[in-house]
1. Of all residues in the stretch 215-232, which are in contact with a helix residue (DSSP H, G or I) (Cβ under 9 Å, 6 or more places away or on another chain) and either surrounded by fewer than 18 Cβ atoms within 10 Å (Cβ to Cβ) or over 16 Å from residue 70 (Cα atoms) (or both)?
2. Can you find a residue in the stretch 53-61 that is in a helix (DSSP H, G or I), under 19 Å from the mean Cα position of the chain (by Cα) and surrounded by 12 or more Cβ atoms within 10 Å (Cβ to Cβ)?
3. Going through the stretch 188-214 one residue at a time, which ones are at pLDDT below 95, among the hydroxyl-bearing types (Ser, Thr, Tyr) and either crowded, with 20+ Cβ neighbours inside 10 Å or in contact with a His (Cβ under 8 Å, 6 or more places away or on another chain) (or both)?
4. Sort out which residues of the stretch 100-113 are closer than 20 Å to residue 228 by Cα and either in contact with a Cys (Cβ under 9 Å, 6 or more places away or on another chain) or of a type in the set (Phe, Trp, Tyr) (or both), and write them in order of number.
5. Across the stretch 114-152, what is the total count of residues that are touching a residue at least 40 places away in the same chain (Cβ under 8 Å) and either crowded, with 16+ Cβ neighbours inside 10 Å or in a helix (DSSP H, G or I) (or both)?
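The values are calculated or read from the model by the stated rules, or taken from the named source; none is laboratory data. Quick caveat, the model's predicted, so the values are computed rather than measured. All Cβ positions, glycine included, derive from the backbone under ideal geometry; neighbour counts span all protein chains shown.
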Amino acid sequence: MTTHKTGTREEWLAARLELLEAEKELTRRGDALARQRQELPWVRIDKEYRFETDKGTASLADLFEGRSQLLIYHFMFGPEYKAGCPSCSAIADGFDGSVVHLANHDVRLCAVSRAPLAKLQAYKRRMGWSFPWASSFDSDFNHDFGVAHTKEEWESGVVEYNFRPMDVRPPKAGEENPALTEMAASVGTDWPKYRREGPGMSAFALEDGVVYHTYSTYERGLDVLWGMYQWLDRAPLGRNETGFWWRRHDEYDSQ
């Protein structure tokens, strides 16, 4: 027998209509936020960034592939990693279905990571992905857009992430978070090396040969890109999380 509140179909419908009003308000607020996002001032990028891609060396402008808009997912895959971040991998599982639609709406979607291209290509084959993925190895790109930090920055205890300073020094001995330790181990490294990378998403525009930075988001701002969470938020028990439960799609015991 369930411990959850039960009721008649009429009671359910009355409660559902009340929820519908709240959902509609959230939708309207989301539309307003989208307009506010698009009204942000654009920042011209004059720095030359170089990337390694399946097609060879590319500039930031080259990543647009003939489109006027570029969306970059900052995928956590550091040079020392042996595999991509499992959280980023879960998010990236939804990219392939969107790439073709975005490309035909003047938007290029691409992932960028600091690991060498050969590592990215091997992991991409393992995961069965086809979306564009560029390496920013030996480039300032990830650092400049707030998703990579030097060893010295981390050891100082203060880094800039998600538009605010954060104290990210590794926990003291005996105070480690098992879930974080497990997540770091899943990419073949320890917590300090794992968390020198960070997830994020950045948007760019190309006009008259000039690239502009238009938007970036981090942390919970990425929730909307994580398809499984949008489904879980509508499931009877919601996210129902007790820790690091998700895995790469080829690591579950059964599907």
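1. Those that are in contact with a helix residue (DSSP H, G or I) (Cβ under 9 Å, 6 or more places away or on another chain) and either surrounded by fewer than 18 Cβ atoms within 10 Å (Cβ to Cβ) or over 16 Å from residue 70 (Cα atoms) (or both): 215, 222, 223, 224, 226, 227, 228, 229, 230.
2. No.
3. Across the stretch 188-214, the qualifying residue is only 194.
4. The answer is 111, and nothing else.
5. 24
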